[in-house]
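The values are calculated or read from the model by the stated rules, or taken from the named source; none is laboratory data. Just so you know, these numbers come straight off a predicted model, no measurement behind them. Please note: Cβ atoms are built from the backbone with ideal geometry, for glycine as well, and neighbour counts cover all protein chains shown.
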């Protein structure tokens, strides 16, 4: 018989003019899309228990088809599967399972009360630690430089102003270097540009206010002039 079956799907039925009663083989699971489309001679089709699906347009245009016998239970029927079958009396349908009856509601009188489990805190602060101020460790004291160290650092800065090690020494002893720089600037041992660049390394601590707290007021007045030049130098960078 003219069945084209592949992987459990009846893909196409090649109509036999002398065959009006068609029995689909037992290994078919799906009646494929348009498998019996426009088969004008068939009158009856028997589907085995293995068939679960009838695809779209499976029996479309079978004008003389009067009966489809389904031995199993269909799970799905495609779009327009039986359109154009005017003589088909009882179209196959998907068997729908009846909804299960709801379980009877037990009387709430005898229903035991369910209490939620107690939630224990993961951590309780010790009373002595509540509102305890945070103690920050004091910074390690910076070793003081001798006069020779200042001179040596100053000489290294003249020769290598970009040296990170030299700049770190200046930064660690910024307050002392402010006073040291002003004195050497007045004595002419540093140029204006060298003084300004070195003060940049001290974190720009050279202001009239903090210098006057460190050294005498006369040097503070000189510092004000240097601060003005420092601002001009920065603007040119």
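Tabulated data for the structure shown
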{"item": "Subset tally (residues that are part of a strand (DSSP E or B) and buried (at least 19 other Cβ atoms within 10 Å of the Cβ)) for the range 1-52", "result": "7"}
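Per-residue answers, yes or no, for (1) at pLDDT below 70; (2) loosely packed, with under 10 Cβ neighbours inside 10 Å; (3) assigned to a loop (DSSP other than H, G, I, E, B):
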| site | (1), (2), (3) |
| --- | --- |
| 63 | no, no, yes |
| 89 | no, yes, yes |
| 103 | yes, yes, yes |
| 109 | yes, yes, yes |
| 113 | no, yes, yes |
| 141 | yes, yes, yes |
